[in-house]
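A.B. asks: This is the structure, below, for whatever I ask next.
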Amino acid sequence: MTDSGMMDSPVPNEAFFPGAGAQAAPEFSGALRIAPARMRMLPEVEHVDLEGHGDASIFPGLTLEFVTADGVLMPLQRGQIVREANPGRTPSFWCVIPQFGRVWREAGEGGWSSAAFPLMLVSSSDTHAHQGLARFRYKDRQVSELQFQFVQQTAPYLLKQHFIAWGSAETRWLEPRATDPAAQRAQGVADLARRLPHRPLSDLAREFQRGRLNEFGAPVREQWRVQTGLVRDGVLYYQEARTPHGDYPYPLEMRFGVRSILKGIAAPLALLRLAQLYGPYVLALKVGDYLEGLDAKYRRVRFIDAANMASGFGGAGSLKTHPNDPQDGYLEGAYHEWIAARSHGEKLRQMALADRPYPWDPGTVMRYRDQDYYLLGAAIDRFLKSVRGPQADVWDMLRAEVFKPIGIPYAPVVRTREPDGRRGVPWFHAGYYPLLDDLGKIALLYQNRGAAGSRQILHRGLTEDLLSAREALVQGGDASLGPAGAERGPKTGKLYKMGFHFTPYVGAVSGRQYFLPTMRGWGENEVVLYPNSLITIRIAKAGQLPPGESASSGAGTRTIRMVDRMSPF
């Protein structure tokens, strides 16, 4: 790691963390101007030029600024999507999100100190993330090259392959732009202090019979898991984050592309917050009243219908609804072209080319559609502007009024890229890059019925209705047929409401049937809320698997049964 030039392969991850005998390093304050650099990728990615979105083999040219405090390296852009600022001849496909790292000094380094930090490789055109590490050395105002490697990832979509990447980039030190480094250090310390209490899962395993927690994360095979966590009594227990080059040394700094887990976060939190402020009537507002250029039927689609994936639109799937297949037509109708469209206008044009209304009424049949959630987010944003003014933004509202009060200071989200430079529409279908800590806090907010301490953030009654699956749609049913088409029972199967899948499970001791509120995202990402107040989180990469590979090792309730054995419900 001390040699300049391209590494032949990634090095053990421990090179990015102070080892035994490391000494305290002098404080560092400054900006790094990082030049674009060609990355090595294993296996080689077949198509790195992604339809005009940039070259996926190029590490982006950008500027990152840092301060330090007590050996902690604090990126000032932590938790933010940093876009390429100084591209070379070919723009990069990638952006980055830096996180808290470390600085240290080792003997025999001639006065040079080491700095390393977690670095996520993300895109403004897709919603998966590569978890990586970066390192440079510094001495006074001199810095070395930046060396980086990306050794883990969530499931890719536009890039059809799993891969690791590594390389080095020419780097220059610049005067810091921050006017008050002391305040920046204090803010970093405060951000870390607001994290949930956390311990390795192995600490929790000691409290239970040997092997009791072995099923955690199942049935997804271990090689396709990225990270898992369990929240119990307000403590976040996390597993080691395995990678091909050793355990990731900053497991709580990993940000993930959680895909459709966002459906259980953005729209429900926004609607429940607005219901608390303005009244439950917001759920009955119509999507078509706030967005122009849509089919006339959208003037009958309530916000709650879109949140229930029951807009009555799609047109690519079949008309068979008894039994109903909620995935029918999901990836048809120019889905890829819609995902790849960069601006809000382009996305609406792609929908207009492929979307057709189904014959049933909104709110009666659940058909899984990312487009419903994208439109819902845009419509909620327009409603917010109508009551607060044109400067209002729905994601800013979530950050200030929901995330920040529960201890989430940063919430990076993908937005549309508008040709005139205007701020884009946040993706509500799949565009959020959370930490384990963030997911745990959001799940706790739901379990606390929308309250944070003495402050009621979300509408309590509607939050209780959501967690109890009141008026949730039977995924395999058709409510347009009347009560018989919406009836739930022991053989009902899964329910759906406001971004949550409700997983049926019968308690081993109580014999009672539960519908467990579950947030799910493509690639086998999952957050489950339990009646015993526990929360499980699984981040995985089980999408675009190689031929012959299987993500699952069997029945889908093994983690749920493990939690039931820990604390029967």
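The values are calculated or read from the model by the stated rules, or taken from the named source; none is laboratory data. Because the structure is a prediction, the values reported are computed rather than measured. A quick note on method: Cβ atoms are made from the backbone with ideal geometry, for glycine too, and the neighbour counts reach across all protein chains shown.
A.B. asks: Just to be sure I understand, how many residues within the range 446-466 are surrounded by fewer than 20 Cβ atoms within 10 Å (Cβ to Cβ) and either of a type in the set (A, V, I, L, M) or part of a loop (DSSP other than H, G, I, E, B) (or both)?
C.D. replies: The qualifying residues number 6.
A.B. asks: Can you work out which of the residues in the range 190-206 that are modelled with pLDDT under 95 and surrounded by 13 or more Cβ atoms within 10 Å (Cβ to Cβ) is nearest to Ile442 (Cα to Cα)?
C.D. replies: Among them, the one singled out is Leu201.
A.B. asks: What pairs can you find where one residue is in the range 201-222 and assigned by TED's automatic domain parsing to the domain that holds Ile560 and assigned to a loop (DSSP other than H, G, I, E, B), the other is among the polar types (S, T, N, Q) and buried (at least 16 other Cβ atoms within 10 Å of the Cβ), and their Cβ atoms are less than 9 Å apart, with a gap of 6+ or different chains?
C.D. replies: Pairs that qualify, where the first residue is assigned by TED's automatic domain parsing to the domain that holds Ile560 and assigned to a loop (DSSP other than H, G, I, E, B) and the partner is among the polar types (S, T, N, Q) and buried (at least 16 other Cβ atoms within 10 Å of the Cβ): there are none.
Here is a yes/no grid of residues against (1) among the hydrophobic types (A, V, I, L, M, F, W, C); (2) touching a Leu at 6+ places or on another chain (Cβ under 8 Å):
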| site | (1), (2) |
| --- | --- |
| Phe148 | yes, yes |
| Trp166 | yes, no |
| Asp180 | no, no |
| Ala190 | yes, no |
| Ser202 | no, no |
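A.B. asks: Could you please give the count of residues in the range 369-414 that are surrounded by fewer than 17 Cβ atoms within 10 Å (Cβ to Cβ) and under 16 Å from the mean Cα position of the chain (by Cα)?
C.D. replies: Going through the range 369-414 one residue at a time, the tally reaches 2.
A.B. asks: Taking only the range 40-59 into account, find how many residues are out of contact with any Leu (no Cβ under 9 Å at 6 or more places or on another chain) and either crowded, with 16+ Cβ neighbours inside 10 Å or closer than 15 Å to Ser144 by Cα (or both). Explain how you work it out, then say what you get.
C.D. replies: At the first step, the residues of the range 40-59 found to be out of contact with any Leu (no Cβ under 9 Å at 6 or more places or on another chain) are 40-44, 46, 49, 52, 54-55, 57-58.
Right, trim to either crowded, with 16+ Cβ neighbours inside 10 Å or closer than 15 Å to Ser144 by Cα (or both) and you get 40-41, 54-55, 57-58.
Qualifying residue count for the region: 6.
A.B. asks: Next up: Could you please find all residues in the range 511-537 being small (Gly, Ala, Ser) and under 18 Å from Ala469 (Cα atoms)? Show your work before the answer.
C.D. replies: If we filter the range 511-537 for residues that are small (Gly, Ala, Ser), which is where we start, we get 511, 521, 523, 533.
Of everything in the range 511-537, just one residue is small (Gly, Ala, Ser) and under 18 Å from Ala469 (Cα atoms), namely Ser533.
A.B. asks: Find all pairs meeting these conditions: Cβ atoms under 6 angstrom apart; at least six residues apart or on different chains; first residue within the range 14-29 and assigned to a loop (DSSP other than H, G, I, E, B); second residue of a type in the set (S, T, N, Q) and modelled with pLDDT of 95 or more.
C.D. replies: Ala25/Ser113; Glu27/Thr68; Phe28/Thr68
A.B. asks: Oh, and also: Residue under question is Tyr250, and the condition is that it be of a type in the set (Phe, Trp, Tyr), in contact with a strand residue (DSSP E or B) (Cβ under 6 Å, 6 or more places away or on another chain) and touching a residue at least 40 places away in the same chain (Cβ under 8 Å); does it hold? Steps first, please.
C.D. replies: Numbers: of a type in the set (Phe, Trp, Tyr): yes; in contact with a strand residue (DSSP E or B) (Cβ under 6 Å, 6 or more places away or on another chain): yes; touching a residue at least 40 places away in the same chain (Cβ under 8 Å): yes.
When the stated conditions are applied, Tyr250 passes them.
A.B. asks: How about the range 216-270: which of its residues are aliphatic (A, V, I, L, M), over 22 Å from Pro156 (Cα atoms) and touching a Phe, Trp or Tyr at 6+ places or on another chain (Cβ under 7 Å)? Explain how you work it out, then say what you get.
C.D. replies: Taking the range 216-270 and keeping what is aliphatic (A, V, I, L, M), we get 218, 220, 226, 230-231, 235-236, 241, 252, 254, 258, 261-262, 265-267, 269-270.
Add one more test, that the residue is over 22 Å from Pro156 (Cα atoms), and what stays is 230-231, 235-236, 267, 269-270.
Within the range 216-270, Leu230, Ala267 qualify.
A.B. asks: Which count do you get for residues in the range 308-349 that are aliphatic (A, V, I, L, M) and in contact with an Asp or Glu (Cβ under 7 Å, 6 or more places away or on another chain)?
C.D. replies: In the first step, residues of the range 308-349 are kept if they are aliphatic (A, V, I, L, M); the result is 309-310, 316, 319, 331, 334, 339-341, 348.
Of the ones still in play, those that are also in contact with an Asp or Glu (Cβ under 7 Å, 6 or more places away or on another chain) are 309, 316, 340.
Of the residues in the range 308-349, 3 are aliphatic (A, V, I, L, M) and in contact with an Asp or Glu (Cβ under 7 Å, 6 or more places away or on another chain).
A.B. asks: Here's another thing I want to ask about it. Based on this model, can you work out whether Glu222 counts as modelled with pLDDT under 95 and under 30 Å from Asn13 (Cβ atoms)? Give the steps one after another, and end with the answer.
C.D. replies: Working: modelled with pLDDT under 95: yes; under 30 Å from Asn13 (Cβ atoms): yes.
The answer is yes for Glu222.
A.B. asks: Here is a further query. Check whether at least one residue in the range 420-437 is closer than 20 Å to Pro362 by Cβ and of a type in the set (Asp, Glu), and report yes or no. Walk me through it before giving the result.
C.D. replies: Keep residues of the range 420-437 that are closer than 20 Å to Pro362 by Cβ, which gives 428-429.
Subset that is of a type in the set (Asp, Glu): none.
Among the residues of the range 420-437, not one is closer than 20 Å to Pro362 by Cβ and of a type in the set (Asp, Glu), which makes the answer no.
A.B. asks: May I pose another question? Going through Arg255, Arg232, Arg242 one at a time, which residue ends up being within 17 Å of the chain's Cα centre (by Cα) and either of a type in the set (D, E, K, R) or surrounded by fewer than 20 Cβ atoms within 10 Å (Cβ to Cβ) (or both)? Talk me through it step by step, then tell me what you get.
C.D. replies: Working: Arg232 fails: within 17 Å of the chain's Cα centre (by Cα); Arg242 fails: within 17 Å of the chain's Cα centre (by Cα).
None of the other options fit; the residue is Arg255.
A.B. asks: For the condition buried (at least 19 other Cβ atoms within 10 Å of the Cβ), within 30 Å of Asp126 (Cβ to Cβ) and among the small types (Gly, Ala, Ser), what is the one hit in Ala443, Ala469, Ala479? Can you show your working first?
C.D. replies: Numbers: Ala469 fails: within 30 Å of Asp126 (Cβ to Cβ); Ala479 fails: within 30 Å of Asp126 (Cβ to Cβ).
The unique qualifying residue is Ala443.
A.B. asks: If you scan the range 503-537, which residues turn out to be over 20 Å from the mean Cα position of the chain (by Cα) and assigned to a strand (DSSP E or B)?
C.D. replies: Taking the range 503-537 as the starting set, the residues that turn out to be over 20 Å from the mean Cα position of the chain (by Cα) are 503-516, 530-534.
Across the range 503-537, the qualifying residues are Thr503, Pro504, Tyr505, Val506, Gln513, Tyr514, Phe515, Leu516.
Let's see how each residue does on (1) at pLDDT below 95; (2) of a type in the set (Gly, Ala, Ser):
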{"residue": "Val425", "(1), (2)": "no, no"}
{"residue": "Ala452", "(1), (2)": "no, yes"}
{"residue": "Gln456", "(1), (2)": "no, no"}
{"residue": "Leu462", "(1), (2)": "no, no"}
{"residue": "Gly476", "(1), (2)": "yes, yes"}
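A.B. asks: Among residues belonging to the range 275-317 that are of a type in the set (Phe, Trp, Tyr) and not in a loop (DSSP other than H, G, I, E, B), point out the one that is surrounded by the fewest Cβ atoms within 10 Å (Cβ to Cβ). Working first, answer last.
C.D. replies: Let us first name the residues in the range 275-317 that are of a type in the set (Phe, Trp, Tyr), namely 278, 281, 290, 298, 303, 313.
When the remaining residues are screened for being not in a loop (DSSP other than H, G, I, E, B), the result is 278, 281, 298, 303, 313.
Values: Tyr278: 13, Tyr281: 10, Tyr298: 24, Phe303: 24, Phe313: 24.
Once the filter is applied, the top-ranked residue is Tyr281.
A.B. asks: Continuing with this model, one more query. Tell me which residues, restricted to the range 149-182, are of a type in the set (Ser, Thr, Tyr) and in contact with an Asp or Glu (Cβ under 9 Å, 6 or more places away or on another chain). Give the derivation first.
C.D. replies: Here is the first cut: in the range 149-182, the residues of a type in the set (Ser, Thr, Tyr) are 154, 157, 168, 171, 179.
Passing the criteria: Tyr157, Ser168, Thr171.
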